[in-house]
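Single-structure report; data block below.
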Amino acid sequence: MKENRSTRIFYGWWIVVAAFLNLFFAVGIIFYGFPVFYPAFVESLGFARAQVTQGFLLGFLIVGLPFGFVAGALIDRIGSRWIILAGAGLIGLSLFLMGFMTRFWEYELLCIAEVLGYALAGPIANQVLIAQWFRIQRGRAMGFAYLGLGFGGVVSPLLVSRLIRTFGWRHALETVGMLILIVLFPVGILLTRSAPSEMGLLPDGDSKNDLADDKVTAGAATSSGVAAAARTPNFWLILAGSTLVVGAIGAVIQHFILFLRDQGYSPTAASRFSTVLLASSLGGRVLVGYLADRFSKKDIMALFYLLIGLTIPILYISRLPSATWFFALAFGFAMGADYMLIPLVTAECFGTAALGKILALIIMGYSLGQWAAPWMAGRLFDSYHSYDLAWKILAGASLLGAAAIYRVSAGVGKG
């Protein structure tokens, strides 16, 4: 048995490939590629800046929050595989139908459906999927899977921009929607399995006794872990810090291409800068993982959040190409710590027994910032015809978020 395991690739690594593709298409393209369509919505359909981001905010408030909380129960009942498949179908179909929309209410309805798909096929389901297949190598597996989100961010702006130039924005939406369905449906049906037990396997090849001990330990701690965590300052500091900074990152990403167009850059140049920013984030993710193993995780997280706040004011001189290049590289690099360190700091504070449920609460919190901050920036632009005030608020929010994370008392939790 041991000899067989040593010569064959553990099927869990194919699950990592599936999660990589899920995050590439369901998160990377949606969050980082979709803003490339915003100028077309503004110019062709007459939408205001706040309206192009309002659809996602409404979707998150109407379906994202409640479905984020029940996603865990659905996954426990029927498995991550079917939840991800349902989410991928909603995302692909919504994008395809956007190619036919002519009115704002149609856009809002399709955004709501798209956010529902994101809630089902996005981070929570894939984190649970990886956690089911890995225990000892969970961190490494999660890191490889989340590279899909980063690569999706690198590829999608250029891909969407090319599709728009070649086919027009309507056919580009239809193409992206069909691509998501064509890729993720076969991956979900043929490759993904919700748990290793479906194939007669165990996580990481653990012995049954070790696995049973794991389950007993986790089960004993879960019932009181969430309530106990919520009564500590650390929980609220992590929630507040991540919400403020992830919100600032989301607002910059969602409005970056629109902002660069206002500064006189061409659609191609704006997409190129966006791609450089997101490519730089891959380097940040690699360095963050290296530093987090050697220094205080919460201090590294606070430092990178501080860098986010310090780089946003560079946007005031972005008419200079050199300044825009520097911003894209520096902000993107600092952005590498956006999601990666949140579960690590949370585990360091509260242990791993109730980590999934605690992270679900934190993810719902920072997702509110992720969608509300872009809407706020759009409203400010529509009121003042400038992003100057939005950048000041977002820089201040990032600095406050960094301070909140620095105040966290790490190292109190037990695995």
What Kirkwood radius, in Å to one decimal, follows from the Cα pairs of the chain?
21.7
Taking the mean number of other Cβ atoms within 10 Å as a proxy for protection, how do you rank 164-172, 121-129, 177-185 from highest to lowest?
121-129, 177-185, 164-172
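Using the heavy atoms of the protein chains and a 1.4 angstrom probe, tell me the accessible area per residue for the chain in square angstrom. Write out the running numbers ahead of the final one.
Numbers: 17420 Å² over 415 residues.
In whole numbers, the chain has 42 Å² accessible per residue.
What is the packing order of peptides 250-256, 16-22, taking the mean over residues of other C-beta atoms within 10 Å and listing the highest first? Please list the in-between numbers first.
Details: 250-256: 26.0, 16-22: 24.0.
Output ranking for 250-256, 16-22: 250-256, 16-22.
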Using alpha carbons only, how many degrees (0 to 90, rounded to 10) separate the axis of helix 208-230 from the longest principal axis of the chain?
50
Using alpha carbons only, how many degrees (0 to 90, rounded to 10) separate the axis of helix 104-121 from the longest principal axis of the chain?
20
Counting helices only, and only those DSSP H runs with n ≥ 4, report the 222 nm mean residue ellipticity of the chain as the sum of -39,500 (n - 2.57) divided by its residues, in deg cm²/dmol to the nearest 500.
-25500 deg cm²/dmol
Within the chain, what whole-number % of the accessible surface is contributed by carbon and sulfur, with the 1.4 Å probe and all protein chains included in the calculation?
66
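For a quick protection proxy, order the peptides 146-154, 378-386, 238-246 by their average other-Cβ count within 10 Å, most packed first.
Details: 146-154: 23.1, 378-386: 15.7, 238-246: 26.2.
Ranking, from highest mean packing down: 238-246, 146-154, 378-386.
The values are calculated or read from the model by the stated rules, or taken from the named source; none is laboratory data. All figures in this text were calculated on a predicted structure; none of them were measured in a lab. Virtual Cβ from ideal backbone geometry, glycine too; neighbours counted across all protein chains shown. In case anyone asks, the SASA skips ligands and DNA or RNA and just uses the protein heavy atoms, side chains included. Shrake-Rupley method; radii C 1.70, N 1.55, O 1.52, S 1.80 Å.
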